[in-house]
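Step one of this worksheet: look at the structure below.
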Amino acid sequence: MAHKFVIEKNKAGEFVAKFKYNSEVIFWTEGYSSKASAKNAIESILKNGPGAPVEEV
C-alpha cells in the first residue's frame with residue numbers, strides 16, 4: 001500500500017502520528033504523551049476528514 005499512518009516518537013519523546021505516501025511524510029500531528037492519544041488522532045482524522053471542507057486562502 002502506497003499510503004499509511006505511522007506512529008513514531010519525536011526528539012522530545014512524544015508520540016506523533018504521521019501520514020505517509022510513498023515514504024514521504026504528507027502531514028503529522030502534534031506530539032502526544034501517550035501512544036493511545038496518537039491513535040485517537042488517527043481515528044479522528046479517518047472519521048472527520050472525508051467530510052471536511054476545503055478552504056482556499
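The values are calculated or read from the model by the stated rules, or taken from the named source; none is laboratory data. Remember, it's a predicted structure, so these values are computed and weren't measured experimentally. Here Cβ is always computed from backbone atoms with ideal geometry, including for glycine, and neighbour counts include all displayed protein chains. The protein model used for the area step is the full one, side chains on, heavy atoms only, and it has no ligands, DNA or RNA in it. Shrake-Rupley method; radii C 1.70, N 1.55, O 1.52, S 1.80 Å.
Brief remarks on what is shown
- Whole-percent carbon and sulfur share, accessible surface of the chain, 1.4 Å: 52 percent
- Among K20, K47, K39, residue whose mean-square fluctuation peaks in a GNM of the chain (springs only between Cα atoms under 10 Å): K47
- The chain: angle of helix 35-48 to the longest principal axis, Cα-based, in degrees nearest 10: 0 degrees
- Loop-exposed GluC sites (Glu not before Pro) per DSSP, neighbour cap 10 Cβ within 10 angstrom, longest uninterrupted part of the chain: 1-54
- Base-10 log of normalised Debye intensity for the chain (one unit scatterer per alpha-carbon) at q = 0.13, 0.19, 0.25 Å⁻¹: -0.36, -0.72, -1.03
- Averaged over its residues, the chain has an accessible area of 82 Å² per residue, based on protein heavy atoms and a 1.4 Å probe.
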